[in-house]
Each structure stands twice: as C-alpha cells, then as structure tokens.
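Since the structure comes first, as structure tokens, the remarks are kept for the end.
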Amino acid sequence: MVEPTWEKIDLPVLRAAVQYIEEHDYGSLPQAYDLAPIVGLDADEVGKALLRLDGAYIRSSGTMGGLADQGVDKLYPEARRAVGQWPTPEELADRLIQALSQAAEKEPDEERRGWLKRTAAYLGTAGRDIAVEVAGTAIARGAGMG
C-alpha cells in the first residue's frame with residue numbers, strides 16, 4: 001500500500017511555500033532547503049513533496065543539485081484555496097447561506113424575513129448545487145478566468 005502524504009507532508013509543505021512567498025513579497029521564491037526548517041522535514045523530503053504538488057498546486061523546477069534544490073516557480077489558485085487563503089466555491093456558498101440567515105434574523109419586515117429564511121433554507125438543501133455553481137463562477141470571474 002502507498003503511504004498517504006497529503007496531511008503529514010504535502011499540505012504542510014504547500015502552506016510553507018505560500019507563507020514563504022507572501023513573507024518575501026514575491027521577491028524570493030523558495031527552494032526545498034528554504035522550506036525544510038519551516039515544516040521540520042528533511043530538504044529531500046520537501047523536494048519530493050514539491051514534485052508531488054507540481055502541476056496541480058504549484059509549478060516546480062529543479063536543478064542538477066537534487067531534491068533539496070527543487071523549487072517553487074509559481075503558485076496556482078488551487079494552492080491558495082487548499083491552504084485556506086482563498087475561498088472554495090463551497091465556502092462561498094456557505095457564507096452566502098449564513099448571511100441570508102443572519103439577515104432574516106435582523107429583518108423587521110415579516111414578508112422579507114420569510115423570503116430570506118426560505119431562500120437560505122433552499123440554498124442550504126435542494127439548491128446547494130446552484131449556490132456552489134454561482135460561487136464558483138464568481139471566483140473564476142474574480143480571478144480573471146471567466
């Protein structure tokens with residue numbers, strides 16, 4: 001059986017890469033040996049994680065120096081969503097439903113309060129797919145992809 005690496009290695013390495021890039025104002029892109037002390041792993045193990053993350057979350061590059069010299073050239077939007085820096089469509093849908101519920105609680109007009117409650121209830125159950133799709137479209141447009 002192949003050992004799972006996401007929770008113990010890959011996600012912490014991804015978080016460290018995003019943190020490193022943010023803290024260095026994009027002026028310095030990290031290598032595995034930069035991230036190793038942040039996550040408490042061997043630089044070669046971090047290099048392997050960067051290779052696993054390559055394509056889906058980051059664009060990685062290496063040199064002839066080996067795994068410790070594996071680096072992060074670019075973060076993809078999915079990396080920022082995976083570490084919680086950017087919302088997922090599901091998270092945005094949940095926020096919308098919560099905001100509608102809160103608005104209903106504060107609404108003095110009974111008819112509007114009922115409408116807000118029904119809308120929140122619908123989007124939280126049968127209409128959830130619609131809310132997630134709308135949120136996904138909003139994220140894509142906000143990122144210049146739609």
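The values are calculated or read from the model by the stated rules, or taken from the named source; none is laboratory data. Being a predicted model, the structure only gives us computed values, none of them experimental. Ideal geometry is used to build each Cβ from the backbone, glycine not excepted, and the neighbour counts take in all protein chains shown. What goes into the accessible areas is simple: the full protein's heavy atoms, side chains included, and nothing from ligands, DNA or RNA. Shrake-Rupley method; radii C 1.70, N 1.55, O 1.52, S 1.80 Å.
Taking all protein chains as present, what is the carbon and sulfur share of the accessible area of the chain, in % to the nearest whole number, probe 1.4 Å?
53 percent
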The simple spin-label model distance between Arg118 and Gln85, using points 7 Å out along Cα→Cβ, in nm, is 4.3 nm
One would report the Cα pair-distance distribution of the chain, bin width 5 Å, in %, as 2, 10, 15, 15, 12, 10, 10, 8, 7, 5, 3, 2, 1, 0
Using Cα pairs under 8 angstrom and six or more residues apart, how large is the relative contact order of segment 38-143, in percent?
19 percent
Roughly speaking, what is the stretch gain from Leu51 to Thr5, that is 0.36 nm per residue apart minus the C-alpha to C-alpha distance, in nm to one decimal?
15.3 nm
Between Lys74 and Glu107, what FRET efficiency comes out of the Förster formula 1/(1 + (r/R0)^6) with R0 = 41 Å and r the beta carbon distance, rounded to 0.05?
0.35
Surface per residue (accessible, 1.4 Å probe) for the chain, Å²
61 Å²
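Looking at segment 8-38, which chymotrypsin sites (Phe, Trp or Tyr not before Pro) are DSSP coil and have at most 11 other C-beta atoms within 10 Å of their C-beta?
Filter output for segment 8-38: Tyr26.
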Which ³J(HN,Hα) values, rounded to whole Hz and listed in residue order, are derived for segment 54-68 from phi using the Karplus coefficients 6.51, -1.76 and 1.60 in 6.51 cos²θ - 1.76 cosθ + 1.60 with θ = phi - 60°, glycine and proline given as x?
4, x, 8, 10, 9, 10, 10, 9, x, 10, 6, x, x, 4, 5
Among the Cα-Cα pairs of segment 64-146, the proportion with separation greater than 16 Å, in percent, is 63 percent
Per residue of the chain, what 222 nm ellipticity follows from adding -39500 (n - 2.57) for every DSSP H run with n ≥ 4, rounded to the nearest 500?
-18500 deg cm²/dmol
